[in-house]
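What follows draws every value from the coordinates through simple rules; no lab data is involved. Just so it is clear, the structure is predicted and the values come from calculations on it, not from any experiment. Positions of Cβ are backbone-derived with ideal geometry, glycine not excepted, and every protein chain shown enters the neighbour counts.
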Protein chains: 2
Amino acid sequence: MSIVPIYRQDLRHPQAQVCASCGVRQFAIFGVLDDAGLDRIHAHIASMDVAPDRPLFSRGERGAAVYTVRSGVVRFERVTERGDRRIVRLAGRGDLIGPEVLLHRPYADDAVACTAVQLCRIPRTLVDELGQGETALLRELMQRWQRALDDAEAWLADLATGPARRRVLRLLVKLGEHADGSGLTWLPRREEIGDMLDMTIETASRLISQLRREGVLELVGARGVRLHMAALLQAVRREDAL
Amino acid sequence: MSIVPIYRQDLRHPQAQVCASCGVRQFAIFGVLDDAGLDRIHAHIASMDVAPDRPLFSRGERGAAVYTVRSGVVRFERVTERGDRRIVRLAGRGDLIGPEVLLHRPYADDAVACTAVQLCRIPRTLVDELGQGETALLRELMQRWQRALDDAEAWLADLATGPARRRVLRLLVKLGEHADGSGLTWLPRREEIGDMLDMTIETASRLISQLRREGVLELVGARGVRLHMAALLQAVRREDAL
DNA sequence: CGAGCCGTTGAGGGGATTCAAGCTCAGTGG
DNA sequence: CCACTGAGCTTGAATCCCCTCAACGGCTCG
């Protein structure tokens, strides 16, 4: 986990304009601030890289920062009382991670990088200060919260319902939302698919193989898939039509 | 759905001090306001009653109000693309319903009363105005959002995981949280249990009957249960211990 | 009293799990 | 260079849980 401070004092510094020109600025929490607002905060924000399968934080931990995802995919996990893992949500580019620390609460989930992940680390105190004056910032925060809630409910309705094949297909659709231009995206390990969809690794494997044979997807390397969206969407529709 | 305005101008009016003395005030969104703050808003807040199985609002509808639950249980539903209903969350006393309208968004779910429900109806514009000055109110709002998010994820981890018997047991535990003093609480119809736990009404019925025979619960009237918590919690533990 | 809804229970079949055996492939060290 | 190893993936066979289909009983209500 490497941390790089983002300097902006010296505008000629190569990283000087990182925040202002950040590609995800429009998606990120500080998108509502003008350049002057950014000037007040840039020095406190750090850029971070997290390697696949590395944890960002753990449930119960009392953190002092929230994060914005610049690139990559992060998963939120919980351990059920039976002792097995359940993945309850994914976050991608532009999503806010760990807003509960702004309320001085411990993190609600384990957060783990799925792919290589780039983050902006935002100290809690920074948001506390800004929140005094900037109502717009608070509104933006509420937007994020609502989006997360919506994602959670959609996950429940889409990925926790119906037979295994249907759940896998819907997961693929959701993974497709994080794909790059060519439809190439991250494919979880079979065990992770199992923890997302509440099924065994064998069932997950059988279904992925079956969909590969049907031409819905193509495995690319160890952790990659190329989704053939036409075939995928058709398969989903066929599944939903009874 | 009956609506009763809450007056406070005339302190001798029987409903005059409803807001100030409201039993759920500490749980509700305006708990952070002092009496002076309450004075500015009470005239705009209406008390509402909703009968069981009556809708509060529908997904996609552009509402102009949020609600606080004073008593009763409300469920949030979605219709999956396959066309069947999925209940994604419950809300009880003190919970905030429909905060997405504060962001000028349509309601995210269908909301339906499970039991008889008492609500406070709070117009969006009121929160908008207050939000300008009262940062404390915005913070309180964020608390609600985070709680809802946490509930949604807990629902996923608890009620969408594992074999049917386990899911029913955990649902009973969750329903027990909304119970009155004597352990008497609302029991969903078999069909509703099915929509919560993704199982058929037959499976739900079999398991409820089985638990009744085991002495975990007692049916009381059409929609009531008395939970025997000791036996229930023991059954849950036995389930989790493999 | 019949109609309709809701809940219960049974029998049979199907889909997912369990148990088990190979397979692929990257990394390691002889 | 290549066997060796282990983790992850695949596939098969048997079992079991849950769904499907079906019949029936209790209850309310017109």
Condition met for B:S205 (within 13 Å of DNA strand D (Cβ to nearest atom) and either within 22 Å of the chain's Cα centre (by Cα) or without any contact (Cβ under 8 Å) to a residue 60 or more places away in the chain (or both)): yes
Residue within region A:70-82 that is more than 10 Å from chain B (Cβ to nearest Cβ) and over 24 Å from A:L217 (Cα atoms) present: yes
Among residues of region B:150-186, those that are part of a loop (DSSP other than H, G, I, E, B), more than 9 Å from every other protein chain (Cβ to nearest Cβ) and within 13 Å of DNA strand D (Cβ to nearest atom), counted: 1
Of the criteria (1) away from chain B (no Cβ under 11 Å); (2) more than 21 Å from A:G224 (Cα to Cα); (3) in a strand (DSSP E or B), which one A:L90 fails: (2)
Residue under evaluation A:D198, criteria (1) closer than 19 Å to A:R75 by Cβ; (2) within 14 Å of another protein chain (Cβ to nearest Cβ); (3) more than 14 Å from DNA strand D (Cβ to nearest atom); (4) not hydrophobic (A, V, I, L, M, F, W, C), criterion not met: (3)
Considering residues of region A:56-69 that are within 14 Å of another protein chain (Cβ to nearest Cβ) and not small (G, A, S) only, the residue surrounded by the most Cβ atoms within 10 Å (Cβ to Cβ): A:V66
Breaking point among (1) surrounded by fewer than 18 Cβ atoms within 10 Å (Cβ to Cβ); (2) more than 21 Å from B:T80 (Cβ to Cβ); (3) not hydrophobic (A, V, I, L, M, F, W, C), for B:E202: (2)
Any hit, region A:112-129, residues being charged (D, E, K, R) and within 7 Å of another protein chain (Cβ to nearest Cβ): no
Qualifying position, being within 14 Å of another protein chain (Cβ to nearest Cβ), over 30 Å from A:A164 (Cα atoms) and away from DNA strand D (no atom under 15 Å from the Cβ), among B:R213, B:R144, B:R237: B:R144
